[in-house]
Amino acid sequence: MAPVRLKTFLLLAAIAALSLGGALLYRGDFSRLGTGTGLTEGCLVCHGKVTGLEGPHAPSAIGCASCHAGDKRTLDKANAHAGMVRIPGNLADAGRTCGQAGCHEAIVPRVERSIMTTMAGVIAVDREALGEPARPDGRIPHANRLGHGVADSHLRELCVGCHLGQAKAEWGPIGEQSLGGGCNACHLEYGKAAAEDLVRYAATAPKERTASPATHPALVVNSRNAHCFGCHSRSGRIALSYEGWNELREEAGNNAAPAAGGKAASARVRKLDDGRFVEMVVADVHHERGLECIDCHTANELMGAGAEVARKSEQQKVACEDCHAAKLVSVAPEFVDPESRLLMKLRGTALGPGQRMGTTRDGEPLVNVVVEEGKGARLLRKRTGEALPLKAPAAACTEGRGHARLSCASCHTAWAPRCVACHTQFDPKDTGFDHAAQAWVKGTWNETAGPFEPLPPTLVVLHAGEARGAIDTFVPGMVMSFDRNREAGKPPDLIHRRLYAKLHSHTTRREARSCASCHADPVALGYGKGELRYRVSGKSGRWTFRPAAKPSKHDGLPEDAWTGFLQGRSGMVSTRESARPFSVEEQRRILTVGACLACHKGDSAVMKRARADFAGTLAGKSPRCALPAWPKGST
């Protein structure tokens, strides 16, 4: 055979052997190769003894290259590591790692379109608040499509560091300061052995490292609350609130700094890894019962259901009433969807005879809610399997017409984190970090905030015309002045916003707030802190309000207020288009009840009658009752 033909024959034979997964390789000791996925894989020669991964993710099941890429057909280290993905799971690579065919190919596109990746609501609100169109290109906003205008510049530096598309760049556990990370953000779990191995590896000089850590971090279906903390301890601060922590101002935190010997100045004060100080108020009752974030929130809520949504409320499906109702909605085992069946299998749970799986009122599967005829319903903690009974709401929650429009949170939220009087301006001389570009840039946005206070939330009208949920909990969202000028030497381009935002603060308590804390409290009504008093003179009374905060130079309202006392507001008033403060007429009705509470306790017989028929109760009032007289102009 001619030399050229012989070379061609040998090359074709080698290619054929490689395509069949055979033992022939271009270079290396072929007899030493390990096997994963039924194919020969050179990675296992060096990494075959790595522990920490189990089940479908074990190296013996899928090898190394399925997740980390590289060249599995060679034993040469440089060639094998060429093109390797050091940290699989980042969304930029997830399509060819976690989301490749045969793995989680249907999940990754959902995550890429989920609200935690797009941050569509945050982007839209920030743009609109700064006087820019929410959708300049007509599409739902996405963190990957930010421009460089004023609003998008602000978002790049101060907001989008939390979205899931941010890459996890270094090995290590998910902690309090972790941001982004794609699939890793929720599913990467460093056990003790993996963490210790990594510490030893990092402490070894690079030239002396002979191998990567021998213990691989695990990939888990059951995320811990710590996975959520990094992003959700900011903005609405729900991860903090759920555990009972309220953030302190910087100067207050410094006064509570750890004393000598490493002991905290107060057992009720904690220092976070990022340097912030928090103080204990009261935790959510669900946290006290041991429930974690994943026990309430579903896979579709966290990873998305497939379609891009404009705001979080469109992706969030679970509500209090889905678990706390006289009769829960459920589905028979034969109608449980395939994904829910898989999740139950991964957690080692199954529906027994006569049992049904709970769903939301809209049919969203609740894989850890079991409904059984004659035995009620129970929730299974996803990480432990512990069964907890689900209780129906008290009679006071559902009886009468007076509270028919209230959300559960309106009465059962103990407190919410409030921050007002924020000021934002651009410093063109300093440098800031652009999270979208992952680079330092010239110019930075600086924010100064008012005090953080744990107070009951403000109640607002959310969806006019709906039966339940029309009244919900809000907090100051953007009570701020914002200088849009980004050029040195030019005059300020100041804009002022007084916007409140919807917040389920995750401080639910079994006990409800008192009647007076709604009907005679200025914070609940949107007036801000101050003295709201009812004074009786003769056969009538009069409400007065003296605000605690000074009036704003921008609009004359108290700095922490949403609306004026017995006044209305129009225009852009909230981060949510459908939300508004109580109208003057609604304020008068609420304060009329508050006047009754000046003499009658909330649980008295007369007030119980009033919840069912307030107009009828007023018609039969005693001659001694002094109802409010309203000042002229409060219409």
Legend entry - Protection-proxy order for peptides 89-101, 533-545, each taking the mean of Cβ atoms within 10 Å per residue, highest first: 89-101, 533-545
Inset, instruction - Above 45 angstrom, tally the Cα pairs of the chain and express them as a % of all pairs, no decimals. - result: 31 percent
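If each residue of separation counts as 0.36 nm, what is the full-extension length gain between Arg86 and Lys621 once their alpha-carbon separation is subtracted?
Using 0.36 nm per residue and subtracting the Cα-Cα distance, I get 185.1 nm.
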Inset, instruction - Compute the semi-axes of the equivalent ellipsoid of segment 92-161, taking the square root of 5 times each eigenvalue of the Cα gyration tensor, and list them largest first in whole Å. - result: 29, 11, 9
Legend entry - Mean Cα-pair separation over length for segment 399-628, i.e. relative contact order, pairs under 8 Å, 6 or more apart, %: 21 percent
Legend entry - Segments 519-526, 492-499, 612-619 sorted - mean Cβ within 10 Å per residue, highest first: 519-526, 492-499, 612-619
Inset, instruction - Along each of the three principal axes of the Cα atoms of segment 273-374, give the extent in whole Å, ordering the values from largest to smallest. - result: 51, 36, 28
Legend entry - Point-to-point label distance, Ser570-Leu494, nm (Cα→Cβ direction, 7 Å offset): 2.6 nm
Legend entry - Gain upon complete extension [Val441, Glu176; 0.36 nm per residue less C-alpha separation]: 92.8 nm
Inset, instruction - Check the straight Cα-Cα distances from Lys168 and name the lysines below 25 Å, setting aside those fewer than 8 residues away within the same chain. - result: Lys72, Lys77, Lys192, Lys207, Lys271, Lys312, Lys442
Inset, instruction - Counting other Cβ atoms within 10 Å, keep those with at most 14, restrict to DSSP loop, and tell me which GluC sites (Glu not before Pro) in segment 131-195 are left. - result: Glu170, Glu176
Inset, instruction - Please list the equivalent ellipsoid semi-axes of segment 399-628, computed as the square roots of five times the alpha-carbon gyration tensor eigenvalues, in descending order and whole angstrom. - result: 40, 19, 14
Legend entry - Reachable lysines from Lys621, criterion Cα separation under 26 angstrom, eight or more residues apart if same chain: Lys539, Lys601, Lys608, Lys632
Inset, instruction - Taking the Cα centre of the chain as origin, work out the dipole magnitude from +1 charges on Lys and Arg Cβ and -1 charges on Asp and Glu Cβ, in debye rounded to 20. - result: 1280 debye
Inset, instruction - Using only the alpha carbons, work out the radius of gyration and Dmax of segment 428-559 in angstrom. - result: 20.3, 70
Inset, instruction - Go through segment 566-635 and name the trypsin sites (Lys or Arg not before Pro) that are in a DSSP coil and have 16 or fewer other Cβ atoms within 10 Å of their Cβ. - result: Lys601, Lys621, Arg624, Lys632
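Work out the P(r) tail for segment 61-178: percent of alpha carbon pairs separated by more than 26 Å, whole number.
I get 37 percent for the Cα pairs in segment 61-178 exceeding 26 Å.
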Inset, instruction - For segment 375-474, state the semi-axes of the equivalent ellipsoid (square roots of 5 times the eigenvalues of the alpha-carbon gyration tensor), sorted largest first and rounded to whole angstrom. - result: 42, 23, 13
Legend entry - Binned Cα-Cα distances of segment 101-233, short to long, each 10 Å bin given as a whole percent: 11, 33, 28, 19, 8, 1
Inset, instruction - Could I have the simple spin-label model distance between Glu487 and Ser604, label points 7 Å from Cα toward Cβ, reported in nm to one decimal? - result: 6.6 nm
Legend entry - Whole-number percent relative contact order across the chain, with pairs defined as alpha carbons under 8 Å at least 6 apart: 9 percent
Inset, instruction - Work out the FRET efficiency for Gln355 and Ser235 from their Cβ-Cβ distance, taking R0 = 51 Å, and round it to the nearest 0.05. - result: 0.85
Inset, instruction - With an 8 Å cut-off on Cα pairs and a minimum separation of 6 or more residues, tell me the relative contact order of segment 470-565 in percent. - result: 22 percent
Legend entry - Size-normalised alpha-carbon gyration radius of segment 556-635, reference 2.2 N^0.38 Å: 1.34
Inset, instruction - Mind ranking 196-202, 359-365 by how tightly packed they are, going by the mean number of other C-beta atoms within 10 angstrom, highest first? - result: 359-365, 196-202
Inset, instruction - Report, in deg cm²/dmol and to the nearest 500, the calculated mean residue ellipticity at 222 nm for the chain, where each DSSP H run with n ≥ 4 adds -39500 (n - 2.57) and the sum is divided by the residue count. - result: -6500 deg cm²/dmol
Inset, instruction - Calculate, for Arg289 and Arg401, the FRET efficiency according to 1/(1 + (r/R0)^6) with r their C-beta to C-beta distance and R0 30 Å; round to the nearest 0.05. - result: 0.40
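No lab work stands behind these numbers, since they all come straight from the coordinates. As the structure is a computational prediction, the values presented were derived from the model and not from experiment. Heads up, the Cβs are rebuilt from the backbone with ideal geometry, glycines too, and the neighbour counts pull from every protein chain shown.
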